[in-house]
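Asks: Here you go, one structure.
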Amino acid sequence: MGMKGSILDIIPKSFRGRSIWVALTILIRALLNFVGLAMLVPVLVLILDTDSIHQSSHLSRIYEWLGFSSDEWFVVAVCVAVVGVILVKCAVNLWLYTAERNFIYDLYNFLSRRLYIDYHNRGLGFIKSSNSSLLARNVNVVCLTFVVGILRPLASIASEIMLFMMLFIALICYNAPAAALILLIFAPAAWLYIRMVRNRLNNYGDVENKAQRTKMRNVIDTYRGYSDIEVCNAFPAMLERFDKAMHEVVSVRLKNATLSTLPQMFTEIGLAFGLAIMVLLNLGLESGNIKILFGIFAVAALRLMPSVRNIMSAWASLRYNRFAIDIISDAHIDDIDISIDDSTERMVFEHEIQIDNISFQFADGEQEVINSLSLSVRKGERVGIRGRSGAGKTTLFNLMLGFLRPTGGAIYIDGKPLYPENRRQWLNIVGYVSQNIFLTDGTLLENIALGIAPEDIDHERLERAIEMADLREFIDSLPQGVDTPVGECGNRLSGGQRQRIGIARALYKEAEVLFFDEATSSLDNNTEQNINKAIEQLSKHNKELTIIVIAHRESSLDYCERILTLESNE
């Protein structure tokens, strides 16, 4: 199939033991289906020729051993036994099928969760260099496509092939010419189908995957940038891109739907030819045996027909969804470190943050964003950072927060270097308020106490944070108070209210260091002054609170004790 990795390599090691059990259930199900079909043969024989009770050595021995004296009652007993066996077979089959499905969806959960953690753990650099809609599709859609569009069809192929082989071998033992005719019916049909659709299916899955990614990205961008898109009258262009991607999706789906009907058509035509040939040739048998053989052939062929159809359809699904194999294979699932540092331990910060001759250059950048910068921030100090766009202000913050690693130099907290191993403890004492505050589509309460389970929220601390962030009057004016939904991305709030929620969030976690990254740059002058006064009041009430501020406007740095100017390296 031209895939980068084999399916067996993709199955995580922790699932390979269960996969052996699943393979066994597939074999057992095939055996049960074979037994269920074989049980119909005695009924068929008795219906077509009741005299066979005494002519068949097997039936006559059973008849005598069970002490029957009436042929009619024997027929009834055989039918009851067959129905009972088939009921048991169906119940066991359902249980085995459930075990297979549990394996499939447990694996989906495993793969999706691992990718989700992996993308998070790769850090800010990876996330900023990737497309969020693509990452979301990989986590939510591609993992599901792999288990539903690859593994499930693969299990279906294995089960149907085993059943086909059992039936075919049994038919050879019973009558070789009939078996040869079965092979003559279905082999050409399967070969012709594969020849017709293979090249098409090679491309359809890739085309749809790319179109779906484009469509998803377009929709997300449209709603996220609604105001700008409306002002620039860009929606017609967005809609045109959406329509183009949708056309590709629909076109591919229609073509694939047409191809999916071919297996049934091919097998039905082959069956009709086989029955016609059997009637015409009579397979060289006497007329007395033709009815029984014809009935057995019809039962076998009618059961084999859906098997062949399922095999061809499952094979088509494998070809169509093979792109998922490449994506999952590239992720190296077993190599993913899924450890999550959820420590609540707080780093001890008593003296200073020292930036010692740090430099930073992005992996795909041609020059350093920050070059040999040294700075010391004492505990309780208010430091402002200014500079032109592109001077590296936000990059400096990301370095100080531990989101990025310096390519040269180091950052120390009370003399201890800031490393990934202790970043969580550092972040536990840090508050971060950016220009675009992140807000979940939840309530004010959930956004202030972000990441805290409702039952674990400290309401006294929450009230203090609301008061200190000057949110009390606003929250009291709301009918639902702190339980008021903020809307997607906080679209029900003003810019100043969003910034105050960011401040309240930092205060709720009792941050010892506050980072403000252009937090007031998008606000009007009056709101900016109010926010700056609130920050200044925070500093006055807590002399040990360290505040580091990035701002363009001098007025936003008035309360700072020191101001550092970053020069651009351009």
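The values are calculated or read from the model by the stated rules, or taken from the named source; none is laboratory data. All values derive from a computational prediction rather than experimental measurement. Don't worry about glycine lacking a Cβ; one is built from the backbone with ideal geometry, like all the others, and counts go over all protein chains shown.
Asks: Right, Gly409: at pLDDT below 90 and assigned to a strand (DSSP E or B) or not?
Replies: No; evaluated as a whole, the condition is false for this residue.
Asks: A further question on this structure: Taking region 221-238, which residues are at pLDDT 75 or above and closer than 24 Å to Asn138 by Cα?
Replies: Result: Asp221, Thr222, Met238.
Asks: Another question about this same structure. Considering each residue of region 429-453, count those that are assigned to a strand (DSSP E or B) and of a type in the set (Asp, Glu), and give that number.
Replies: The qualifying residues number 0.
Asks: Hey, Glu381 hits all of (1) assigned by TED's automatic domain parsing to the domain that holds Glu554; (2) among the acidic types (Asp, Glu); (3) surrounded by fewer than 17 Cβ atoms within 10 Å (Cβ to Cβ) but one; which does it fall short on?
Replies: (3)
Asks: Just name the residue that is surrounded by the most Cβ atoms within 10 Å (Cβ to Cβ) out of those in region 384-406 that are out of contact with any helix residue (DSSP H, G or I) (no Cβ under 8 Å at 6 or more places or on another chain) and closer than 19 Å to Val513 by Cα.
Replies: Per the stated criteria, the residue is Leu396.
Asks: In region 462-479, which residues are within 21 Å of Gly451 (Cα to Cα) and in contact (Cβ under 8 Å) with a residue 12 or more places away in the chain?
Replies: The answer is Leu462, Arg464, Ala465, Ile466, Met468, Ala469, Leu471, Ile475.
Asks: In region 123-147, what residues are free of Cβ contacts under 8 Å to residues at least 24 places away in the same chain and exposed (fewer than 15 other Cβ atoms within 10 Å of the Cβ)?
Replies: Residues satisfying the conditions are Phe126, Ile127, Lys128, Ser130.
Asks: Right, here's the next one. Take the residues in region 324-351 that are more than 24 Å from Arg424 (Cα to Cα) and of a type outside the set (D, E, K, R), then tell me which one is surrounded by the fewest Cβ atoms within 10 Å (Cβ to Cβ).
Replies: Among those residues, the one meeting the criterion is His332.
Asks: How many of the residues in region 304-331 are over 17 Å from Val148 (Cβ atoms) and either among the acidic types (Asp, Glu) or outside the structural domain of Ile169 (by TED's automatic domain parsing) (or both)?
Replies: Here the count works out to 1.
One line per residue, one yes/no per condition, for (1) in the same structural domain as Gln212 (by TED's automatic domain parsing); (2) under 30 Å from Arg405 (Cα atoms); (3) modelled with pLDDT of 75 or more:
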position: Ile47; (1), (2), (3): yes, no, no
position: Glu72; (1), (2), (3): yes, no, no
position: Leu94; (1), (2), (3): yes, no, yes
position: Arg101; (1), (2), (3): yes, no, yes
position: Leu111; (1), (2), (3): yes, yes, yes
position: Asn121; (1), (2), (3): yes, yes, yes
position: Leu124; (1), (2), (3): yes, yes, yes
position: Leu151; (1), (2), (3): yes, no, yes
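Asks: Looking at Val279, Val308, which one is of a type in the set (Val, Ile, Thr) and modelled with pLDDT under 70?
Replies: Val279
Asks: Show the residue pairs that are 6+ apart or on different chains and have beta-carbon atoms under 6 Å apart, the first residue being within region 311-324 and within 17 Å of Val141 (Cα to Cα) and assigned to a helix (DSSP H, G or I), the second being of a type outside the set (A, V, I, L, M) and modelled with pLDDT under 80.
Replies: Close Cβ pairs (under 6 Å, with a partner that is of a type outside the set (A, V, I, L, M) and modelled with pLDDT under 80) amount to Tyr320/Tyr204; Tyr320/Gly205; Phe323/Gly205; Phe323/Asp206; Phe323/Asn209.
Asks: Exactly one condition in (1) of a type outside the set (Ser, Thr, Tyr); (2) surrounded by 15 or more Cβ atoms within 10 Å (Cβ to Cβ); (3) without any contact (Cβ under 8 Å) to a residue 24 or more places away in the chain is false for Glu421; which is it?
Replies: (2)
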